[in-house]
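The values are calculated or read from the model by the stated rules, or taken from the named source; none is laboratory data. If you're wondering where the values come from, they're calculated on a predicted model, not measured in any experiment. Because the Cβ atoms are built from the backbone with ideal geometry, glycine has one as well, and the counts that use them run over all protein chains shown.
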Amino acid sequence: MIFSDGLDVDKIIDLHRQFAGRVRVSFGWGTLLTNDFRGLTDGDALAPFSLVCKAVEADGRATVKLSDNPNKAMGPEAEIARYKRVFGVGEQVGVEVVV
């Protein structure tokens, strides 16, 4: 799992404690996790922009993306609910997603 949205050091430590030993985890800060090419080309043509690509299937099975914002969860609804149960995701408050 890669956690990368709205993180600070305290949140990373909390997430590591929650998932350590259960799944392999990695952390990054939003767009710059996979798109930090700032200043590498003339005119900064490779500067990051808000675009995220996510796998929707792996080995014939639907993938699931969970978020601290339930409006950003992705995948079949039944699978999202199952993953939330498995990982002990409690009540969440949705926040409008602005792209």
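Considering only residues that are among the polar types (S, T, N, Q) and at pLDDT below 90, which ones fall in the stretch 43-68? Let's see the steps before the verdict.
Residues of the stretch 43-68 among the polar types (S, T, N, Q): 50, 63, 67.
Hits for the stretch 43-68 are 50, 67.
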A careful count of residues in the stretch 1-42 that are among the small types (Gly, Ala, Ser), at pLDDT 85 or above and touching a Ser or Thr at 6+ places or on another chain (Cβ under 9 Å) gives 1
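Scan the stretch 40-78 for residues that are touching a residue at least 24 places away in the same chain (Cβ under 8 Å) and exposed (fewer than 13 other Cβ atoms within 10 Å of the Cβ) and jot them down.
First, the residues of the stretch 40-78 that are touching a residue at least 24 places away in the same chain (Cβ under 8 Å): 50, 67-72.
Scanning the stretch 40-78 gives 50, 71.
Being in a helix (DSSP H, G or I) and either in the same structural domain as residue 23 (by TED's automatic domain parsing) or among the basic types (Lys, Arg) (or both) is the filter; apply it to the stretch 62-99 and report the residue that is nearest to residue 3 (Cα to Cα).
Pass one, the stretch 62-99, residues in a helix (DSSP H, G or I): 70-72, 77-86.
Then drop every residue that is not either in the same structural domain as residue 23 (by TED's automatic domain parsing) or among the basic types (Lys, Arg) (or both), which leaves 72, 82, 84-85.
Numbers: 72: 13, 82: 19, 84: 15, 85: 18 Å.
Only one residue tops the list, namely 72.
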